Amino acid sequence: MDEGKMDENEWRYHGEGNKSLVVAHAQRCVVLRFLKFPPNRKKTSEEIFQHLQNIVDFGKNVMKEFLGENYVHCGEVVQLPLDFVKQLCLKIQCERPESRCDKDLDTLSGYALCLPNLARLQTYQFAERRPILCVEIKPKCGFIPSSSDVTHELKHRVCRYCMHQHLKVATGKWKQISKYCPLDLYSGNKQRMYFALKSLLQEAQNNLKIFKNGELIYGCKDARSPMADWSELAHHLKPFFFPSNGLASGPHCTRAVIRELVRVITRVLLSGSDKGRAGALRSGPGLRGPPVCEASPFSRSLRCQGKNTPERSGLPKGCLLYKTLQVQMLDLLDIEGLYPLYRRVERYLEEFPEERKTLQIDGPYDEAFYQRLLDLSTEDDGTVAFALTKVQQYRVAMTAKDCSIMIALSPCLQDASSDQRPVVPSSRSRFAFSVSVLDLDLKPYESIPHQYKLDSKIVNYYLKTVHAKDATVMSTRFKESEDCTWTLKKTQILLERSQLSYLVTLPTQAVCQRRFSSSLLWRALSC
Ligand SMILES: O=P(O)(O)O[C@@H]1[C@@H](OP(=O)(O)O)[C@H](OP(=O)(O)O)[C@H](O)[C@H](OP(=O)(O)O)[C@H]1OP(=O)(O)O
Ligand SMILES: Nc1ncnc2c1ncn2[C@@H]1O[C@H](COP(=O)(O)OP(=O)(O)OP(=O)(O)O)[C@@H](O)[C@H]1O
């Protein structure tokens with residue numbers, strides 16, 4: 001990229017999150033990622049450069065090691081003409097979702113990250129001529145904590161995502177509770193994964209986006225976004241999945257296309273042999289939480305059918321979901337166990353502020369930083385060193401809990417070889433694909449107190465509303481069962497007295513069946 005000759009008209013708005021904004025080049029497969037800040041937050045150019053350089057170093061020295069070379073794209077820091085950045089900022093302003101405008105793009109430093117456009121495969125140089133479909137998933141935390149520091153027993157049964165949904169809907173962030181549960185996606189069980197992906201398609205929130213030839217065609221920006229339209233999505237996807245046949249339109253076609261998409265994405269998510277050192281992080285079996293979240297509608301429906309809970313994760317070890325989960329599990333103590341250790345580091349820093357650099361709180365994120373993350377011991381010897389290791393592991397785990405996975409699919413021509421890219425078949429076509437991770441910015445040390453407060457807010461809200469409601473339902477059922485016992489006894493007495501009263505009390509069978517098996521009832525009725 002020639003930073004000297006930048007023209008804002010060659011770039012268009014691509015997307016943004018809470019901390020950065022991305023613009024894509026119209027022809028070349030590159031994006032520029034700018035940092036965003038609240039309007040009154042002034043950072044020096046040097047600080048911004050260092051922040052971006054830290055992102056690159058963390059990607060190179062830590063995330064590439066854990067997740068594997070092919071999945072992580074670190075990019076490079078570039079310095080751009082300030083005039084270009086200002087014009088670009090003006091040009092894209094109208095395309096930004098209102099809910100993201102509480103922060104401004106940094107136009108003062110001139111620094112940004114230049115990265116491959118992951119929505120258009122990895123051909124860094126020029127846009128592919130073949131059409132490209134890209135699915136971005138933000139899977140969030142895929143395990144339930146088993147740490148003994150957890151104070152609410154509920155946290156051992158319901159995952160954070162499912163609990164957080166209720167708070168998000170209550171605060172108006174999203175309109176309705178999603179049926180998606182990260183534990184289903186990370187299960188490695190195809191049925192559960194299909195369910196998770198379909199749930200994401202029904203209620204995308206900020207967990208799913210679909211791009212066609214680099215343009216966003218599916219996904220919602222905020223609670224005000226219109227309802228997801230599957231038939232419109234199917235219309236976009238049909239040429240990819242049913243290229244040469246005249247599959248009729250209508251609900252049948254929509255379902256067929258969505259099914260194909262879900263199947264292909266599942267296969268891609270389960271594929272992969274890329275080397276990475278996440279295996280070094282595998283925690284002992286005693287440290288793993290339950291395989292299902294009680295709030296997931298999938299596991300609930302299994303329970304209702306009287307089926308056992310599904311088996312533990314069958315994710316293949318080479319796949320990106322597996323590696324991401326291993327990194328997430330660096331959070332061994334849960335925020336409740338971590339917070340006192342954070343306080344220990346804080347007290348030390350209050351006494352010796354100059355030590356912040358030696359402790360590598362703000363970098364450099366180098367090989368030494370990476371090596372210390374591999375110490376998975378949980379025996380607290382009371383030292384600052386132990387506390388620091390756990391704090392840094394927690395930050396890395398939180399980063400993996402908030403990253404996104406990009407899957408790019410490009411149809412293969414009939415007989416053509418896939419120029420060495422892996423290929424995934426669908427029922428009527430084949431796709432060359434690539435999988436990458438994005439948003440691997442290390443979470444700041446300063447966010448730990450916020451995490452601590454948020455965790456308790458999420459759990460308390462869930463306990464107060466959903467759990468309390470469930471408890472009411474349970475106690476109503478208990479009362480019903482007591483009533484039922486009483487009614488059953490009454491039925492027996494009546495039956496003993498007269499054949500006629502049998503007819504009178506027969507409707508109570510419906511009530512009784514909730515709690516008593518029909519054979520028990522039959523015995524009662526026939527005695
Ligand atoms: O805390 P969470 O789980 O709500 O995650 C935040 C995300 O919300 P989500 O739940 O995905 O809708 C949040 O996403 P949105 O801005 O809501 O799209 C950010 O990713 C935030 O990270 P950061 O503070 O920008 O580094 C995320 O904060 P971190 O907790 O990862 O720091
Ligand atoms: N290299 C890339 N190629 C293509 N699209 C990208 C790339 N990097 C980011 N994006 C797009 O830009 C969006 C915002 O980027 P990103 O997730 O990094 O922002 P963020 O502010 O750091 O996120 P968060 O809200 O999680 O903190 C992504 O959701 C994705 O759609």
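No value in this document is a laboratory result; all are computed from the given coordinates. This one's a predicted model, so the numbers in the text were calculated from it and none came from an experiment. For neighbour counting, all protein chains shown are included, and Cβ atoms are generated from backbone atoms with ideal geometry for every residue, glycine included.
Quick notes
- Between the alpha-carbon centres of the stretch 166-223 and the stretch 370-412 there is a gap of 24 Å.
- Extension gain, Cys74-Glu446: 0.36 nm per intervening residue step, less the Cα-Cα distance, totals 131.6 nm.
- Qualifying aspartates and glutamates (Cα of each under 13 Å from Cα of Lys179; at least 8 residues distant if same chain): Glu203, Glu294
- Only aspartates and glutamates eight or more places from Lys357 in sequence, or on another chain, were considered; those with a Cα closer than 18 Å are Glu46, Glu47, Asp57, Glu346, Asp366, Glu367, Glu446.
- Each label point was placed 7 Å from the Cα along the Cα-to-Cβ direction; for Lys91 and Gln191 their separation is 5.2 nm.
- Were the residues from Ser427 through Glu346 laid out at 0.36 nm apart, the gain over their Cα-Cα distance would be 23.5 nm.
- Histogrammed with a bin width of 5 Å, the alpha carbon distances of the stretch 66-208 distribute as 2, 7, 11, 13, 15, 16, 15, 11, 7, 3, 1, 0 percent, first bin at zero.
- ³J(HN,Hα), Karplus 6.51/-1.76/1.60, whole Hz, each residue of the stretch 369-380, x for Gly, Pro: 4, 4, 4, 5, 6, 7, 7, 9, 5, 10, 7, 7
- Between amide H atoms placed 1.01 Å from N, distances below 5 Å from Tyr111 occur with Leu80, all of them 5 or more places distant or on a separate chain.
- Pairwise label distance in nanometres, Ser244 with Arg267, each label 7 Å out on the Cα-Cβ vector: 1.7
- Label point distance in nm, Asn9-Ser377, each placed 7 Å from Cα along Cα→Cβ: 6.4
- Residues within the reach of a label modelled at Ser456 (point 7 angstrom out along Cα to beta-carbon, backbone nitrogen below 12 Å), restricted to the stretch 338-355, are 339-340.
- 19 Å reach of a label modelled at Cys114, 7 Å along Cα-to-Cβ, counting backbone N of the stretch 25-44: 25-35
- J(HN,Hα) series, the stretch 462-469, from Karplus relation 6.51 cos²θ - 1.76 cosθ + 1.60, nearest Hz, glycine and proline x: 4, 4, 5, 9, 4, 5, 4, 5
- Neighbours of Val77 by Cβ distance under 15 Å: Lys/Arg scored +1, Asp/Glu scored -1, total -4.
- Under a 5 Å amide H cut-off, with hydrogens placed 1.01 Å from N, Ile217 pairs with Ile210, Phe211, Lys212 among residues at least 5 apart or on other chains.
- Residues Ser231 and Lys357, FRET efficiency given R0 of 56 Å [Cβ-Cβ distance, rounded to 0.05]: 0.45
- Fully extending the segment from Arg130 to Lys317 would add 64.2 nm, taking 0.36 nm per residue of separation and subtracting the current Cα-Cα distance.
- For Ser187, no residue whose modelled amide H falls within less than 5 Å of its own remains once neighbours fewer than 5 places apart on the same chain are excluded.
- Filter on Lys138/Lys317; Lys198/Lys464; Lys60/Lys91 - keep pairs with C-alpha separation over 22 Å: Lys198/Lys464; Lys60/Lys91
- Links that overshoot a 30 Å alpha carbon limit, given the list Lys86/Lys443; Lys86/Lys175; Lys190/Lys390; Lys42/Lys209; Lys36/Lys469: Lys86/Lys175; Lys190/Lys390; Lys42/Lys209; Lys36/Lys469
- Assigned charges on the beta-carbon of Lys, Arg, Asp, Glu; the stretch 185-260 dipole about Cα centre (debye): 220
- The alpha-carbon of Lys453 sits under 12 angstrom from the alpha-carbons of these aspartates and glutamates, leaving out residues fewer than 8 places away in its chain: Glu336.
- Converting phi to 3J(HN,Hα) with the Karplus coefficients 6.51, -1.76 and 1.60 and the offset θ = phi - 60°, the stretch 108-120 yields 9, 7, x, 9, 8, 9, 10, 10, x, 7, 6, 7, 10 Hz in sequence order, with x at every glycine or proline.
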